[in-house]
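No lab work stands behind these numbers, since they all come straight from the coordinates. Predicted model, so just to flag it, every value in this text is computed and none were measured. Note that each Cβ is placed from the backbone with ideal geometry, even for glycine, and that neighbours are counted across all protein chains shown.
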Amino acid sequence: MQQLILLTCSPDETEVLGQQLGSLVSAGIFIALCGELGGGKTCFTRGVVAGAAPQSSHLVASPTFAIMNEYPGITPIYHFDFYRFASCHEIAELGFEDYFQGHGICIAEWAEKLDELLPRERLEITFEHAGDDRRRITFTACGSVHETLLERVAGVVSPRKTLT
Ligand SMILES: Nc1ncnc2c1ncn2[C@@H]1O[C@H](COP(=O)(O)OP(=O)(O)O)[C@@H](O)[C@H]1O
Ligand SMILES: [Mg+2]
């Protein structure tokens with residue numbers, strides 16, 4: 001499966017969706033979060049960490065100033081926020097790509113900024129405002145590992161929320 005579009009109607013629903021994904025992720029997964037400010041990227045990440053490393057979920061905060069937060073778990077989770085970067089060259093200078101092909105799970109907010117550094121194999125998730133507390137969330141999988149992951153996500157989410 002390559003694409004799945006869902007609608008959530010509250011921050012809690014977005015967090016639960018993240019948790020459902022988090023319970024299915026494993027080492028080497030790269031989650032690229034895209035979309036505007038307030039879209040729900042950090043909220044979703046809190047859910048992913050709750051699913052993948054429950055002992056660390058209370059630590060999740062937007063790493064806008066730290067750039068990266070690391071959460072311990074069976075597999076370490078690296079949570080990036082590239083909001084402040086003007087170009088991928090600045091990101092490259094700091095050497096963050098070293099984490100991307102490593103043995104952890106990566107979640108990157110403002111992944112658009114990665115441009116040519118964006119790993120080819122990834123699960124890209126775009127958040128769009130859809131009125132009030134609604135968010136349209138589009139999952140796009142690139143590469144067989146991430147496509148299989150997306151199929152498993154589609155199998156656990158409520159069909160009522162699937163738009164296509
Ligand atoms: N369906 C929804 N999903 C996620 N967040 C929502 C939703 N509806 C309202 N919100 C609100 O939108 C904001 C999302 O914030 P955040 O997760 O920090 O966004 P981002 O990291 O994309 O900037 C929060 O204030 C949250 O309460
Ligand atoms: Mg954020």
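The figures follow:
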| read-out | value |
| --- | --- |
| So residue 60, is it within 15 Å of ligand 2 (Cβ to nearest atom) and either within 16 Å of the chain's Cα centre (by Cα) or of a type in the set (A, V, I, L, M) (or both) | yes |
| Candidates 43, 9 - the one that is farther than 15 Å from residue 123 by Cα, near ligand 1 (Cβ under 10 Å from one of its atoms) and out of contact with any helix residue (DSSP H, G or I) (no Cβ under 7 Å at 6 or more places or on another chain) | 9 |
| Matching entry among 124, 128 (being away from ligand 1 (no atom under 12 Å from the Cβ) and among the charged types (D, E, K, R)) | 124 |
| Selection count, region 38-69, where residues are closer than 21 Å to residue 27 by Cα and among the aromatic types (Phe, Trp, Tyr) | 1 |
| Per-region count, region 16-40, residues part of a loop (DSSP other than H, G, I, E, B), within 11 Å of the chain's Cα centre (by Cα) and within 16 Å of ligand 1 (Cβ to nearest atom) | 1 |
| Hits in region 58-112 (condition: of a type in the set (Asp, Glu) and either touching a strand residue (DSSP E or B) at 6+ places or on another chain (Cβ under 8 Å) or within 16 Å of ligand 1 (Cβ to nearest atom) (or both)) | 70, 81, 109, 112 |
| Per-region count, region 50-62, residues of a type in the set (A, V, I, L, M), outside any loop (DSSP other than H, G, I, E, B) and without any contact (Cβ under 8 Å) to a residue 40 or more places away in the chain | 2 |
